[in-house]
Amino acid sequence: MIPTRDEAFEILKKYTKSEALLRHALAVELCMRHFAALGGEDAELWGVCGLLHDIDYELYPDAHCKKAPELLRAENIDELVIRAVVSHGYAITVDVEPLSGMEKTLYAIDELTGLITACALMRPSRSVADLELKSVKKKYKTLNFAAGVDRAVIERGAEMLHKDVDFLISECILGMRGGTPCHREGN
């Protein structure tokens, strides 16, 4: 099955308790929905993949993307979603190459949302609402800033999508400004 957004969020919360990881999943969801809308794709499906992409990270950090299929199959999640979730770890933890636009997008933006979040938290507003491309680009070049963000993955993802990094950064910022259904409903 392909879960609804609410079902996916409940599944995520079953395996993820960390507020930081939940916020990251919500940021990736927003970006995935944004990129789906840009390409005329299924925003619900893409958003669900964004929500569930790190489902195994908190419980199995040393087996990230390897334990996800087991957890997702236990929840009767469709193989399309499982493949997207697994492929975002390509050449990092697994050898499942992203092939579809959805998979390539998830691969490209996962690390980037972390960098954008770190940049936003440095601002007086602590928000992406007033974050600009030039601010992120400056921090992007400073390798000791958000040192855990693998810039090479972002660049490989951009290449896969035949886009430049500036485009990805700009669109991720716009996507992350979109708000989340979870926050709007007060969940």
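The values are calculated or read from the model by the stated rules, or taken from the named source; none is laboratory data. Just so we're clear, the structure is a prediction, and the values are computed from it rather than from any experiment. Note that each Cβ is placed from the backbone with ideal geometry, even for glycine, and that neighbours are counted across all protein chains shown.
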(message) Contact list please: Cβ distance under 7 Å, first residue in the stretch 149-162 and part of a helix (DSSP H, G or I), second residue of a type in the set (Asp, Glu), pairs at least six apart or on different chains.
(response) Val153/Glu111; Ile154/Glu111; Ala158/Asp164
(request) For the stretch 131-142, enumerate the residues that are part of a loop (DSSP other than H, G, I, E, B) and either modelled with pLDDT under 95 or of a type in the set (Ser, Thr, Tyr) (or both). (result) Thr142
(request) Starting from residues that are of a type in the set (Gly, Ala, Ser) and surrounded by 12 or more Cβ atoms within 10 Å (Cβ to Cβ), keep the ones in the stretch 121-148 and report whichever is farthest from Cys172 (Cα to Cα). (result) Ala146
(request) Please identify the pairs in which a residue from the stretch 64-75 that is without any contact (Cβ under 8 Å) to a residue 12 or more places away in the chain has its Cβ atom under 6 Å from the Cβ atom of a residue that is surrounded by fewer than 18 Cβ atoms within 10 Å (Cβ to Cβ), counting only partners at least 6 apart or on another chain. (result) Lys67/Tyr60
